[in-house]
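Data first, discussion second: the structure below is written as structure tokens.
The values are calculated or read from the model by the stated rules, or taken from the named source; none is laboratory data. These numbers come from a predicted model, not from an experiment. All Cβ positions, even for glycine, are placed from backbone atoms using ideal geometry, and neighbour counts span all protein chains on display. The protein model used for the area step is the full one, side chains on, heavy atoms only, and it has no ligands, DNA or RNA in it. Shrake-Rupley method; radii C 1.70, N 1.55, O 1.52, S 1.80 Å.
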Amino acid sequence: MVDAVVTVFLEKLLGALSEESRVFSEFRDKFETLQFELQLMRSFLKDAERLKRKNETFRCVMANLRELIYEAEDILADCQLQSRDDGLFSSGWFMCTNPFKLPFQYQTGKSLGEINRKIASIKQNISSYLGVPLLNQLEPINAQNDQMPRRSSPVYDHTQVVGLEGDASKLKEWLFEADKGILAIGVVGMGGLGKTTIAQKVFNDRKIEERFDRRIWVSVSQNCNEEQIMRSMLRNLGDVSVGDDKGELLKKINEYLLGKRFLIVMDDVWGSDFTWWHTIYEALPKGNGSSIVITTRIEKVAQKMGVKKARSHWPKFLSKDDSWLLFQKIAFAADGGECKHPDLENVGKEIVEKCKGLPLAIKAVGGIMLCKPSHYHEWRRIADHFHDELAEDDNSVIASLQLSYDELPSYLKSCFLCLSLYPEDCVITKDQLVHWWLGEGFIPLRNGRSAIEAGEDCFSGLTNRCLLEVVEKTYHGTISTCKIHDMVRDLVIKMAEHDAFFSTKDNNCRHLGIASSMAQKANHKLRALLSTTKTGEVNKIASNTAKKFCESRNLRAMDLSRSIFDTPLSGLLHQIGVLQHLTYLNVSNTHPLVQLPPSLDKLSNLQVLDVSYCQNLKILPPCITTFKKLRVLVASHCGSLEYLPKHLGRLSNLEVLLGFKPAKSSQLEACRIGELRNLIRLRTLGIRLSCCDEIGDTEVNVLVNLQELQHLSISCFDSHGNNDLTAKLDKLFPPQQLHELSLEFYPGKISPSWLNPISLPILRYLSISSGNLANLNENFWGNDNTVWKIEGLRLKSLSDFEEEWERLQRVMPALRVVDVSWCPELMSFPIENVGFKGGVWKEEVHKS
């Protein structure tokens, strides 16, 4: 990972030298010397990962280099703070004249000189040790191999399953045969064989969904206890009980399932003590053809959980043809899943053969090749490296995952190592990852490109390489949450520990996950402190632990989301102003939080602030309007927050603004909707409206000129059919280039006049949910020459909506997916129960 650390530092140094121009003038030559030396070493460092795994001495040398780069990065950050704080600038570099700053100048100059001498020595030692000189050709920071692709959405369809249809059919056949007691089925096999994929395919099958009244999926990690498993079962049943004891939890499970036919999947079960299972099993109602599916690598586990030999299924390795088909679907996803390069077919099949029919290995190497150029020599190089990895470890899954890591661009290695903090089977939100990467500077930003878009490209880079597994998607297919396979997790933890990124055994590392049991000590190396709780769980953090959080002065990212404290959080974080390097702060869904700490005004480097789901938060301090670097402000679902502070329009770098509540005319210290016209970099905007007074007559055109705006959400919750608000909304025209629109609780009976294919010519996704909407405006239907380009449509909880499906389909010929539920008056929709839970219409399924 040394190449990744160097890449991140060089990005920050380049920005400081070319844009900030506020580092002490006498340090410039030292920073430029450092930049020059590191750029000379970059080509070599890309291969250092393989070399250091084979040689202990070389590993120590690389560890020393890594620590020096981290030290230099902290010095650079401190210099930038000093430059800002003094406020005295020359026409170029800042000239320090304050005598109180002399100790800082002296110590900084001395430290930088020492770092440069040590790096020069390391460079010489590497040359001598390897017996060859390092390249003396300067490699540009944005070298081609490390450039980010301009593809912001995944090209590989993660829902595709190859070669496992027979396995799924066999399990479904057994499930339909079940009649008495509880049928136990085991899916047994080595890691990476596709056990979970088979179980998921069965679990999500429409016929299985219709057969079982209740379906429960539990990911059983190696460290799970019976209480966690019970709570996971209840969450599947819609119960998020927090305070109940185990006896009460068992009683609830029994009550929910009594008289129902249920299916429970216990995925990836380990261990030798199954007391927890016998306790839960005894509480389950028996009969009705209920079933349990257990996936495990160990046959004895299935047997101890009651699986008979006749109902144990051992998935086979994929056939040669299915292996090649799966590989093609991934490696050639950009070409429709077919190999159209004859010169690559033989080397591709050679790579696939080495995977030995294991789906996870095939996906990993397929993901590597998807992100490589279609050149024979590049494919040959990868095949040879795969052969070398297999020579060290004959397990094709481990070898393929290690190869995938080695072949990651430098900027993605840092992003990938972040996954090491999350516990087994943890569901991870894309937003948390992107915001964290942005906060630590892991995302390369050049040419004025959107930071959020670049972060989403990094996320796609990991999903396309099959290093992240998709958990949830939006109605139109955008990935919102993910998880990692346990074998990927084993790899990322190993690599993170080797590079002192994170350790499961030592809290004195640079990145740390928050846990209720943690006893945090002052850690001056700490860069990121993140909440990594599983779905439905919360952190319970003691006051003496929380107070230590502000002692880590080099902290860049602090995410305390989904945490409960025993005293008000604003008091515990009253010293947060000390963390002047902090760029990402997330206090979403924390309790108790009524106001943010006053010293927040010191955090001028803040780029991401998330206060969503803080129901008791009453006010956001005016100081946030001074955070010139702020890119993301999330204040959605804050029930007590009446408005955002005045002068929000000064945040010229803001790209994401969610939960914007415009001021009424009587709220003089609040932000009017008219200020939005100044936020010209906005890409995503969420507005909450409740009365017409929030939109002035001169403010109705406020959105039209937001040329970067792609995603707009308007919620009119609590407007109660306000006719005056409806009239104002009818004039609130969005910009023409809008990509996605969501209307929630729209108060009018007829859609806004601007909701038409002429006003929104490139709109791709439309969601309308709740509210009074009954009919679509005449303009919605376009004309003979104009139709919608909408590809995804969602209609939800529209009890009065009475349009015809065929008419909608005619005016939206590009529709690929339509998600409809609770729309009883929608006529002739081809999915049953449209007035109840409804379903999803997909173009490829229903086309003639």
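Odds and ends about this structure:
- When the residues of segment 216-240 are filtered to those that are touching a helix residue (DSSP H, G or I) at 6+ places or on another chain (Cβ under 7 Å) and under 18 Å from Ile484 (Cα atoms), the one that is surrounded by the fewest Cβ atoms within 10 Å (Cβ to Cβ) is Trp217.
- Of all residues in segment 778-801, those satisfying the criterion of being part of a strand (DSSP E or B) and either at pLDDT 95 or above or open to solvent by 70 Å² or more (accessible area, probe 1.4 Å) (or both) are Asn783, Gly792, Leu793, Arg794, Leu795, Lys796.
- Qualifying residues in segment 552-611 (those that are of a type in the set (Asp, Glu) and open to solvent by 10 Å² or more (accessible area, probe 1.4 Å)) - the one farthest from Glu655 (Cα to Cα): Asp566
Yes/no matrix, rows are residues, columns are (1) of a type in the set (Lys, Arg); (2) in contact with a Leu (Cβ under 8 Å, 6 or more places away or on another chain); (3) touching a residue at least 40 places away in the same chain (Cβ under 8 Å):
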site	(1), (2), (3)
His158	no, no, yes
Lys170	yes, no, yes
Ile185	no, yes, yes
Gly189	no, no, yes
Thr196	no, no, yes
Ala199	no, yes, yes
Asn204	no, no, no
Asp213	no, no, yes
Val220	no, no, yes
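- Selection over segment 436-462 of residues that are without any contact (Cβ under 8 Å) to a residue 60 or more places away in the chain, of a type outside the set (Gly, Ala, Ser) and out of contact with any Gly (no Cβ under 8 Å at 6 or more places or on another chain) gives a count of 4.
- Which numbered condition Asp244 fails, given (1) acidic (Asp, Glu); (2) crowded, with 17+ Cβ neighbours inside 10 Å; (3) part of a loop (DSSP other than H, G, I, E, B): (2)
- Selection within segment 726-768: residues that are in contact with a Cys (Cβ under 8 Å, 6 or more places away or on another chain) and assigned to a helix (DSSP H, G or I). The member of this set that is least open to solvent (accessible area, probe 1.4 Å) is Leu729.
- Among the residues listed as Leu630, Leu682, Leu617, the single one being within 28 Å of Trp754 (Cβ to Cβ), open to solvent by less than 20 Å² (accessible area, probe 1.4 Å) and part of a loop (DSSP other than H, G, I, E, B): Leu682
- Contact annotation: residue pairs with Cβ atoms under 6 Å, 6 or more positions apart or on different chains, pairing a residue in segment 463-477 that is closer than 25 Å to Ser400 by Cβ and in contact (Cβ under 8 Å) with a residue 40 or more places away in the chain with a partner that is of a type in the set (D, E, K, R) and open to solvent by 40 Å² or more (accessible area, probe 1.4 Å), are Cys466/Lys363.
- Helices (runs of 4 or more DSSP H) contained in segment 281-394 and holding at least 1 residues out of contact with any Pro (no Cβ under 7 Å at 6 or more places or on another chain) and exposed (fewer than 13 other Cβ atoms within 10 Å of the Cβ): 299-304, 320-331, 342-354, 376-392
- Residue in segment 515-537 that is open to solvent by 20 Å² or more (accessible area, probe 1.4 Å) and not in a loop (DSSP other than H, G, I, E, B) present: no
- The residues of segment 186-221 that are part of a loop (DSSP other than H, G, I, E, B) and either of a type in the set (Asp, Glu) or touching a Gly at 6+ places or on another chain (Cβ under 7 Å) (or both), listed by number, are Asp205, Asp213.
- Hits in segment 556-589 - residues which are of a type outside the set (A, V, I, L, M, F, W, C) and farther than 19 Å from Lys525 by Cα: Ser561, Arg562, Ser563, Asp566, Thr567, Pro568, Ser570, Gly571, His574, Asn586, Ser588, Asn589
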